[in-house]
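Reading through the structure tokens given below for one structure.
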Amino acid sequence: MKIDTHNHAIPERALELLRKDAVYRVTIDGDWVHGGNHVGYPLFPSFVDPAAKLAELERGGLEGAVISIAPPILYYEIEAEAGEAMCVATNQGLAEFCAHSPDRLRWMAHVPLQAPERAPVILQEAAAAGCVGVEVGSSIAGRRLDEPEYRPFWSQAEDLGLPVMIHPAYNEEHAALKPWYLQNVIGNMLETTIAIERLICAGVLDDHPGVRVILVHAGGYFPYQAGRLRHARAVRPELSSAPEDPWSYRGQVLADTISHDRDALRFLVSRMGAENVVMGTDLPFDMATPHPMEALAEAVDAQTAQQVAEDNPARLFRFHE
């Protein structure tokens with residue numbers, strides 16, 4: 001089964017909370033969502049309807065997916081109680097969404113990282129309800145995943161054997177990225193790179209070797225610029241306590257396929273190793289890969305395409321259990 005590991009939904013339970021509680025600062029006008037912490041976006045049928053989700057997958061040559069909440073619903077910037085309420089509604093809603101077709105759909109948990117002490121608790125509850133991973137933002141509204149208060153979260157993810165997908169969120173302001181949608185085009189990959197290189201330098205991956213981290217959008221800039229971090233470690237005193245070689249974390253760190261470029265995807269698979277790349281699309285957003293299986297087939301041979309789109313996702317997200 002060809003499986004998309006980077007695919008978003010907004011279940012009805014989350015929408016109900018958005019509609020009734022002003023703390024989330026959104027207006028749902030027909031099939032558009034306005035306000036909150038994101039530019040306006042259409043409420044595509046596949047966000048809320050599992051049948052529409054499956055049809056969308058089939059149009060891209062895919063058969064199954066690991067569903068995660070759309071990033072505008074992370075809501076790390078709001079107070080802890082409302083943030084946790086959204087996490088609970090999301091997790092219940094995603095479980096119900098995927099129950100429509102349990103042989104083809106799995107889901108990732110959403111946890112309230114603005115309350116670090118509650119995140120492991122909610123993750124444990126989500127695991128008991130059937131989640132197969134957890135999605136986190138690259139930034140927790142300004143705080144970073146390598147900070148000490150998040151170590152219990154990493155311990156819990158490791159103990160539960162749940163992969164952690166890092167998605168760009170709460171990107172740092174950069175004046176030059178404001179025009180032309182560059183905060184997404186450039187900023188998203190920069191955020192991913194910041195997140196993973198900080199986790200490496202802070203020793204989080206060394207301290208939690210059982211954790212698997214998935215970097216979306218083809219790994220950000222990490223697969224293409226990790227050599228610079230390795231060189232800096234050799235010559236800069238600021239990095240004297242950091243691990244020597246970021247490439248040693250391949251296998252613990254994986255990337256999805258969303259590169260929008262044949263040669264970049266080919267390089268990604270070559271540099272990361274086919275065993276460390278998984279199919280991803282970013283559906284149903286407009287920045288999704290429009291023809292994901294065709295794009296993969298153009299970049300790699302058939303055996304490698306099967307490994308990336310079928311074998312790796314099925315193993316990582318327990319589709320055979």
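Here's the yes/no breakdown for (1) at pLDDT below 95; (2) in a helix (DSSP H, G or I); (3) surrounded by fewer than 21 Cβ atoms within 10 Å (Cβ to Cβ):
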residue	(1), (2), (3)
ASP206	no, yes, yes
ALA218	no, yes, no
PRO223	no, yes, no
ARG228	no, yes, yes
ARG233	no, yes, yes
GLU238	no, yes, yes
SER241	no, no, yes
TRP247	no, yes, yes
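For the range 67-87, a residue qualifies if it is touching a helix residue (DSSP H, G or I) at 6+ places or on another chain (Cβ under 7 Å), among the aliphatic types (A, V, I, L, M) and not in a loop (DSSP other than H, G, I, E, B), and the qualifying residues are ILE67, ILE69, ILE73, ALA82, ALA85, MET86. For ASN312, state whether it is touching a Lys or Arg at 6+ places or on another chain (Cβ under 6 Å), among the polar types (S, T, N, Q) and crowded, with 20+ Cβ neighbours inside 10 Å. For ASN312, the condition - touching a Lys or Arg at 6+ places or on another chain (Cβ under 6 Å), among the polar types (S, T, N, Q) and crowded, with 20+ Cβ neighbours inside 10 Å - is not met. Residues in the range 105-158 that are among the acidic types (Asp, Glu) and open to solvent by less than 40 Å² (accessible area, probe 1.4 Å) were compared, and the one that is nearest to ASN312 (Cα to Cα) is GLU135.
Among the residues of the range 183-200, those identified as over 15 Å from ARG151 (Cβ atoms), out of contact with any helix residue (DSSP H, G or I) (no Cβ under 7 Å at 6 or more places or on another chain) and not acidic (Asp, Glu) are ASN184, VAL185, LEU190, ILE194, ALA195. Applying the criterion of being of a type in the set (D, E, K, R) and in contact (Cβ under 8 Å) with a residue 24 or more places away in the chain to the residues of the range 27-60, the residue that is most open to solvent (accessible area, probe 1.4 Å) is GLU56. Quick one: count up the residues across the range 187-203 that are part of a helix (DSSP H, G or I) and either without any contact (Cβ under 8 Å) to a residue 40 or more places away in the chain or surrounded by fewer than 19 Cβ atoms within 10 Å (Cβ to Cβ) (or both). Going through the range 187-203 one residue at a time, the tally reaches 6. Of the residues making up the range 159-178, those that are farther than 22 Å from ILE69 by Cα and open to solvent by 50 Å² or more (accessible area, probe 1.4 Å) are ASP159, GLU173, HIS174, ALA175, ALA176, LYS178.
The values are calculated or read from the model by the stated rules, or taken from the named source; none is laboratory data. Every value quoted in this text rests on a predicted model; they were computed, and no experiment measured them. So basically every Cβ, Gly included, is an ideal-geometry build from the backbone, and we count neighbours across all protein chains shown. Surface areas here come from the heavy atoms of the whole protein model, side chains and all, with no ligands, DNA or RNA. Shrake-Rupley method; radii C 1.70, N 1.55, O 1.52, S 1.80 Å.
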